[in-house]
Amino acid sequence: MKVQNKKWSEEDFFAEREEVLRAWPTGKDVDLNEAIDYLKKLPDHKNFAKKIRKAKEMGITTAEPRAGVALIDEHITLLKHLQNEGGADFLPSTIDAYSRQNRYEECQRGIEQSKAAGRSLLNGFPGVNHGVAGSRKVVEALNLPLQMRHGTPDSRLLAEIMHAGGFTSNEGGAISYNVPYAKSAPIDKSIHDWQYCDRLVGFYEENGIEINREPFGPLTGTLVPPSNSNSIGIIEALLAAEQGVKSITVGYGQCGNLYQDVAAIRALEEQTNEYLKKFGYDDVCVTTVFHQWMGGFPQDEAKAFGVIAWGSATAALSGATKVIVKTPHEAIGIPTKEANAQGIRTTKMVLNMLEGQRLLPCDRLNQEIELIKAETREILDEVLKLGGGDLAVGTVKAFEMGVLDVPFAPSKFNKGLVMPARDFEGCVRYLDFGNLPFSQDIKDINREKLEKRGKDEGREPCFQMTVDDIFAVGLGKLIGRPAK
């Protein structure tokens, strides 16, 4: 499939729409004109794009959990608890794994089996199967904006149904909801399919409806160096802006070192705005989301709350617009609604105590910002060069060549040559650069920082460091140092 970073014409968009809406019977219930009227009547406090823009203007960090179950009434009960008892600022609908792979017949069986069992047998909310009416029942039962959170390489029908149903934010993108989630989804096809989702949002924008889009920042959530995820976030922001998206929330997954994490969020926001302006997208509102620790959690709930609180503090001190909340049950499985609410309350307490406080600029922070920006710039410049200035073409070629390469991703279209490890301070660095287009200066900085740790531990920087680091937080440490 040949893709270009070019805004779809209405003719092309509506021609493909006919096919998309035929993929499952609930597609026939989507009426764009009726959906525009419905969304215009939503109060501002239920519009995701408007509320997150207001949070940015006020300089506050908001909180959103993850949550989703199979049946509508139970899903509403869950989200009401997170709204009323947890104190969330935004609400999710995490979509089930069958929907993520467009396996709607299996979703339907899961819904019926869940009804019979009296509990959810799906790991999320099957939005396509519940349709526009089901989505609206959820939206109308709650008092906060709702967002789709999923992991879907092809979310065209999901976006059609749930936007029409009142969901004013869609998380994900052509890379971030493909490479970390799917094995066999081609990059060019997922770019095409997400261009459709973004063009749909652009169409709503042209008709006076603000809808937010949020690239998924953490990727695999496993020791992803900031420049690796920031580069992909910026690419997805630019692809979305070309299709007419005006509200973009770029994200980053916590690595654990305060200076690196704060630097990553600030570099991400600054460079996203820089590249949007460079390509003429001057009317995009850029906000940021900080994901609390995405790796292994301690099983002890008290220790888990410590991890949650540290992520909350870092999000606040970075100035992120939103933080995605974890729960004390992360090491156990799907959390109860009570545990999920506890995670939100813990987060909100820390955010409230740190309201108005920021990590102040200093040499250490500035050095980290500049390193992340330099690494990100070298990646993006090479992607654009490979595409002859076309970002979509360049992205496909960059994955073929390993210029874009996500650590620990399952996709067969990802080279998997890049290997990270923590340095002496716990910052995530590049242990193996694979085919990343870094200058010798940047390579030397990464190697020197890892060698300092190696010298302290009496070992050469190696893959065993990576393995030790992956398990460290679950065992109560940030850095996987060997016992002495």
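Accessible surface calculations at 1.4 Å, restricted to protein heavy atoms, place the chain at 38 Å² per residue.
Per-residue Karplus couplings for the range 230-247, computed as 6.51 cos²θ - 1.76 cosθ + 1.60 with θ equal to phi - 60°, are listed in order as 4, 4, 5, x, 5, 4, 5, 5, 5, 4, 5, 4, 4, 8, x, 6, 10, 10 Hz, Gly and Pro entered as x. 3J(HN,Hα) along the range 448-456: 4, 5, 6, 5, 5, 5, x, 5, 5 Hz, from the Karplus curve 6.51 cos²θ - 1.76 cosθ + 1.60 with θ = phi - 60°, whole Hz, x for Gly and Pro. Between Gln357 and Lys412, residue separation times 0.36 nm minus the direct Cα-Cα distance comes to 15.5 nm. Find how many whole Å separate the alpha carbon centroid of the range 154-227 from the alpha carbon centroid of the range 331-383. A separation of 21 Å, based on Cα centres. Taking amide H as placed 1.01 Å from N in the peptide plane, Gln147 has its amide H under 5 Å from the amide H of Leu91, Ser93, each at least 5 places away in sequence or on another chain.
The accessible surface of the chain, taken with every protein chain in place and a 1.4 Å probe, is 50 percent carbon and sulfur. Annotation: amide H of Glu210 has no partner in the under-5 Å range at sequence separation 5 or more or interchain, hydrogens built in the peptide plane.
Here the dipole of the chain is about 880 debye; that uses its Cα centre as origin and unit charges on the Cβ of Lys and Arg (positive) and Asp and Glu (negative). Each of Thr466, Phe438, Gly416 was placed along the dipole of the range 404-478 (beta-carbon charges, centred on the mean Cα), and the one lying farthest toward the positive end is Gly416.
The values are calculated or read from the model by the stated rules, or taken from the named source; none is laboratory data. Quick caveat, the model's predicted, so the values are computed rather than measured. All Cβ positions, even for glycine, are placed from backbone atoms using ideal geometry, and neighbour counts span all protein chains on display. Surface areas here come from the heavy atoms of the whole protein model, side chains and all, with no ligands, DNA or RNA. Shrake-Rupley method; radii C 1.70, N 1.55, O 1.52, S 1.80 Å.
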